[in-house]
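Participant: Pasting a structure below so you can have a look.
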Amino acid sequence: MDASGLLDLLRVAVPGAAIEPLSAVDMPTLAVDRDHLLEVSRVLRDDPRLQYALLVDVTAVDRLPNEPRFEMVYHMACIGAAFLTAGATAPAQASRLRLKVGLPADDARVPSVTGIWPTAGWPEREVFDLFGIIFVDHPDLRRILMPDDWEGYPLRRDSPVQIRKDAASWSPLQMTAEEFARNVRVGHDKAVKRAHPVAPKPDVQ
Amino acid sequence: MPELRSETMTVNMGPQHPSTHGVLRLVLEIDGENIVSAEPTIGFLHTGIEKTAEQKKWQQVIPLVERMDYLGPQSNSLAYCLSVEKLIGLEMPERVTWIRVLIAELNRLSSHLVWLGTHGMEIGAVSVMLYCFREREQLLNLNEMLAGFRLFPSYIRIGGLREDLPRGFHEAVRTFLDKFPAKLDEYHKLLTKNQVWLGRTKGVGQLSREDTMALGLVGPLARAVGIPYDVRKAFPYLKYETFDFTVPTATAGDVYARYQVKMEEMRQSVSLCNQALARISPTGAFDCRDFRYVPPPKDRVYTEMEALIQHFLLYSQGFNVPKGEAYVPVEGPRGEHGFYVVSDGSNRPLRVKSRAPSFIACQALPKMIIGGLIADVIAVIGSTDVVMGDVDR
């Protein structure tokens, strides 16, 4: 199915959704508003003429300083006769599709598609981790690649490439030369005591 | 007499466990020997390659992406280069395409050999590892011949290849390909009908067709449950449609089925290598000859002013890639592998995103190991063939 046929089908199936075709060199690309993302996704997966059963990847692009700043990108594929979605009787033509959702900088939240494609779980966590985009109704929205106590979202364009910061769980040993010598002496005395539990008697002449 | 208490125990498997392929940490809740729940924790190998790539020029990203999936480095660079070339609209001469096919298939063999060796060793067949690494060594020698670098050759470049094939490469590949099928039979003799191997792998870590597709698993994992999806057949790149090969499948969906699929894939790869090698002419083009993207030949650089300027520009400023985005997947050793590249029209990428098959496979681990035994966890991890460099990037 070509891009215009796909567009007509979606506009009929999801009335009210703002679906716009975008130009791309490699595959049909559609922009969808985030309020209708779930409905459009469900049609894409379940319609026997489309059968986009495989969600290939979920990612985001930070378009700073443009607005809308964030762009969610969903790649999906229909793999033809290799897999039919439930309820479909004949295979659809193998094809790929890219779906985009623009998100404003001050309200970067989007519904999670994990209910439609469970494979989106980790990729969405990754996008949350690296871009700080909130996925509404995600079952387990935590950081995944960065440490749990990391501040900021590294793949945002305004996040610095290098941060010079001491690790939080370790601080370098600070000690003066006198302290060091005293420490050694204490250790030495303890070792002597261990070796000779009874102090040697002083020599009496 | 006090009442017998039974409670589950939480065990940390990894991140230093030798059989977790690097630094995968699994938090397992076990009831005796049975797995009640499992949670993979990743990120120990996160090096921010995608962020680093945004600071580099287009051509400089190749060594970075090769270090993601470090067992199949050339499938990373191939996927990245195909995406960027799609964005630019570059057409490759046929000879470059055939050489790339040969390299991609040799790379698949090399990756599968490491998989088979470590998978066997983890389950207890230590000798398999020695056999597999013997052949992998020869493949690494081929890489060394090609680029002087055994693990990360960075030989595939945007716009073609780095240089022409070295002298004697044809003969070296021919020698390897002639000997390899007999070695493959050796592996089969060691494992395929081995009672211990069958006992450890049959019926372990099973997945259903529906779960596989819902979890986005493609590649050998999907083919082992009877989903004959192969990017090379469904969405051909590198003119794979002109090659004669089959997509091996199995239906059981367990560890043994994955083993069968991958073993047969190796045989198909040998056949593909033979076909590609026959098509590669001894001399000819090794890049697209479009000097906006690849450097002019050295003899021209030394004699012509324009060529020298172009050479200087390419190595100091790089080239600009038209505004837009592209995603061209390849069939990597672990399944569909692709790079989503976005350009804002400058000489550096705006975004480079790897679709990492290991990352997706890692997500599906709990589905495969919950309900099984703790000893089977290792067999399942081995069969999914996750590479932590690819998971964490």
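The values are calculated or read from the model by the stated rules, or taken from the named source; none is laboratory data. Nothing here was measured: the structure is a model prediction, and the numbers come from that model. Using ideal geometry, Cβ is built from the backbone for each residue, glycine included, and neighbour counts are taken over all protein chains shown. The protein model used for the area step is the full one, side chains on, heavy atoms only, and it has no ligands, DNA or RNA in it. Shrake-Rupley method; radii C 1.70, N 1.55, O 1.52, S 1.80 Å.
Participant: Whole number please: convex hull volume per residue of the Cα set in the stretch A:3-120, in Å³? Spell out each step's value before the answer.
Facilitator: Values: hull volume 12.3 nm³, N = 118.
Expressed per residue, the convex hull around the Cα atoms of the stretch A:3-120 is 104 Å³.
Participant: So if I take the alpha carbon set of the stretch B:1-154, get Rg, then get Rh from the Kirkwood formula, what is the Rg over Rh ratio? If you can, show how the numbers build up before the last one.
Facilitator: Numbers: Rg = 21.2 Å, Rh = 18.8 Å.
Value, to two decimals: 1.13.
Participant: Which one, B:75, B:37, B:358, has the greatest fluctuation when you compute a Gaussian network model over chain B with C-alpha springs under 10 angstrom?
Facilitator: B:37
Participant: Using heavy-atom solvent-accessible surface (probe 1.4 Å) with all chains present, what is the largest-first order of B:291, A:128, B:44?
Facilitator: Ranking B:291, A:128, B:44 by accessible area, largest first, yields B:44, B:291, A:128.
Participant: Looking at the stretch B:76-170, which GluC sites (Glu not before Pro) are in a loop (DSSP not H, G, I, E or B) and have at most 15 other Cβ atoms within 10 Å?
Facilitator: In loop regions of the stretch B:76-170 (DSSP not H, G, I, E or B), the sparsely surrounded GluC sites (Glu not before Pro) are B:91, B:163.
Participant: For chain B, what is the per residue volume of the convex hull drawn over the alpha-carbon atoms, in cubic angstrom? It would help to have the intermediate numbers written out before the result.
Facilitator: Values: hull volume 55.7 nm³, N = 393.
Expressed per residue, the convex hull around the Cα atoms of chain B is 142 Å³.
Participant: How high is the relative contact order of chain A, in percent, counting Cα pairs under 8 Å that sit 6 or more residues apart?
Facilitator: Numbers: 308 pairs, mean separation 30.2, N = 205.
This gives 15 percent for chain A.
Participant: Under a cut-off of 13 Å between alpha-carbon atoms, report the aspartates and glutamates in cross-link reach of residue B:57, not counting same-chain residues fewer than 8 places apart.
Facilitator: B:344
Participant: Picking from B:288, B:303, B:363, whose Cα lies most toward the positive end of the charge dipole for the stretch B:248-393 (charges on Cβ: Lys, Arg +1; Asp, Glu -1)?
Facilitator: B:303
Participant: May I ask for the Kirkwood hydrodynamic radius of the protein assembly as shown, worked out over all distinct Cα pairs and given in angstroms to one decimal? Could you put the intermediate results ahead of the total?
Facilitator: Working: mean 1/r = 0.0380 Å⁻¹.
This gives a value of 26.3 Å.
Participant: Run the dipole for the protein assembly as shown about the Cα centre, Lys and Arg Cβ at +1, Asp and Glu Cβ at -1, nothing else charged, and hand back the magnitude in debye, nearest 20. Walk me through the numbers before you get to the answer.
Facilitator: Values: 68 positive and 74 negative charges, 266 e Å.
The calculated dipole for the protein assembly as shown is roughly 1280 debye.
Participant: When a/c is below 1.5 the answer is rounded, else prolate if a/b is larger than b/c, else oblate, so apply that to the stretch B:55-109 with a ≥ b ≥ c taken from the square roots of the Cα gyration tensor eigenvalues.
Facilitator: Numbers: a/c = 2.63, a/b = 1.02, b/c = 2.59.
Since a/c reaches 1.5 but b/c is at least a/b, the shape of the stretch B:55-109 is classed as oblate.
Participant: When only the heavy atoms of the protein chains count and the probe is 1.4 Å, how do B:175, B:201, B:47 rank by accessible area, highest first?
Facilitator: B:47, B:175, B:201
Participant: So, one more: Nearest 20 debye, what's the magnitude of the dipole of the stretch A:3-120 about its Cα centre given +1 on Lys and Arg Cβ and -1 on Asp and Glu Cβ? Write down the numbers at each step before the final one.
Facilitator: Working: 11 positive and 14 negative charges, 58 e Å.
The dipole of the stretch A:3-120 has a size of about 280 debye.
Participant: What dipole magnitude, in Debye to the nearest 20, does chain A give about its Cα centre under +1 on Lys/Arg Cβ and -1 on Asp/Glu Cβ?
Facilitator: The calculation lands at about 940 debye.
Participant: Once amide H atoms are placed 1.01 Å from N in the peptide plane, what residues at a sequence separation of 5 or more from residue B:250, or on another chain, have their amide H within under 5 Å of its amide H?
Facilitator: Those qualifying (amide H under 5 Å, at least 5 residues apart or on another chain) are B:224, B:225, B:226.
Participant: Based on Cα positions only, what radius of gyration and what Dmax would you give for the stretch B:75-141, in angstroms?
Facilitator: Values for the stretch B:75-141 (Cα only, Rg and Dmax): 16.2, 50 Å.
Participant: Tell me the accessible surface of residue B:176 in square angstrom (1.4 angstrom probe, heavy atoms of protein chains only), to the nearest ten.
Facilitator: 10
Participant: To make sure I understand the rule: partners must be lysines, Cα under 29 Å from the Cα of residue A:190, and not fewer than 8 residues away in the same chain. Which ones qualify?
Facilitator: Reachable lysines: A:201.
Participant: Once you have a ≥ b ≥ c as the square roots of the Cα gyration tensor eigenvalues for the stretch B:247-377, tell me rounded if a/c is under 1.5, and otherwise prolate or oblate according to whether a/b is larger than b/c.
Facilitator: On the way: a/c = 4.04, a/b = 1.85, b/c = 2.18.
Taking the square roots of the gyration eigenvalues as a ≥ b ≥ c, the stretch B:247-377 is oblate.
Participant: Still on this structure: Given the whole protein assembly as supplied and a 1.4 Å probe, what does the accessible area of residue B:290 come to in Å², nearest 10?
Facilitator: 40
Participant: At 222 nm, what value in deg cm²/dmol follows for chain A if DSSP H runs of at least 4 each add -39500 (n - 2.57) and the sum is divided by all its residues, to the nearest 500? Don't skip to the end; give the middle numbers.
Facilitator: Working: 4 runs with 51 residues, N = 205.
It comes out at -8000 deg cm²/dmol, rounded to the nearest 500.
Participant: Okay, moving on. Quick one: of B:202/B:367; B:298/B:353; B:189/B:239; B:202/B:262; B:193/B:239, which pairs are farther than 26 Å apart, Cα to Cα? The partial results should precede the final answer.
Facilitator: Working: B:202/B:367 17 Å; B:298/B:353 34 Å; B:189/B:239 35 Å; B:202/B:262 15 Å; B:193/B:239 37 Å.
Violating the 26 Å Cα-Cα cut-off are B:298/B:353; B:189/B:239; B:193/B:239.
Participant: For residue B:188, what accessible surface area do you get with a 1.4 Å probe? Give it in Å², rounded to 10.
Facilitator: We get 60 Å² for residue B:188.
Participant: If you restrict to DSSP beta bridges whose two residues both lie in the stretch A:3-120, what percentage is antiparallel, to the nearest 5?
Facilitator: 90
Participant: So for chain B, averaging the separation of alpha carbon pairs under 8 Å that are six or more residues apart and normalising by length, what relative contact order in percent results?
Facilitator: 26
Participant: Among rounded, prolate and oblate, which fits chain A when a ≥ b ≥ c are the square roots of the eigenvalues of its C-alpha gyration tensor, a/c under 1.5 means rounded, and a/b larger than b/c means prolate?
Facilitator: On the way: a/c = 4.98, a/b = 3.06, b/c = 1.63.
In terms of gyration-tensor shape, prolate.
Participant: Most fluctuating residue of A:63, A:182, A:42 in a GNM of chain A with Cα springs under 10 Å: which is it?
Facilitator: Checking each option, the largest mean-square fluctuation is seen for A:182.
Participant: For Cα pairs less than 8 Å apart in space and 6+ apart in sequence, what is the mean separation divided by the residue count of the stretch A:4-89, i.e. the relative contact order in percent? Don't skip to the answer; put the middle values down first.
Facilitator: Details: 103 pairs, mean separation 17.8, N = 86.
In percent, rounded to a whole number, it is 21.
Participant: Projecting each Cα onto the charge dipole of the protein assembly as shown (Lys/Arg +1, Asp/Glu -1 at the beta carbon, about the Cα centre), which of B:97, B:354, B:43 comes out farthest on the positive side?
Facilitator: B:97
Participant: Give the residue from A:64, A:80, A:103 lying farthest towards the positive end of the charge dipole for the stretch A:3-120; charges sit on Cβ (+1 for Lys and Arg, -1 for Asp and Glu) and the dipole is referred to the Cα centre.
Facilitator: A:80
Participant: Specify the residue with the greatest mean-square fluctuation among A:48, A:28, A:147, computed from a Gaussian network of chain A linking alpha-carbon atoms under 10 Å apart.
Facilitator: Taking springs between Cα atoms under 10 Å, the residue moving most is A:147.
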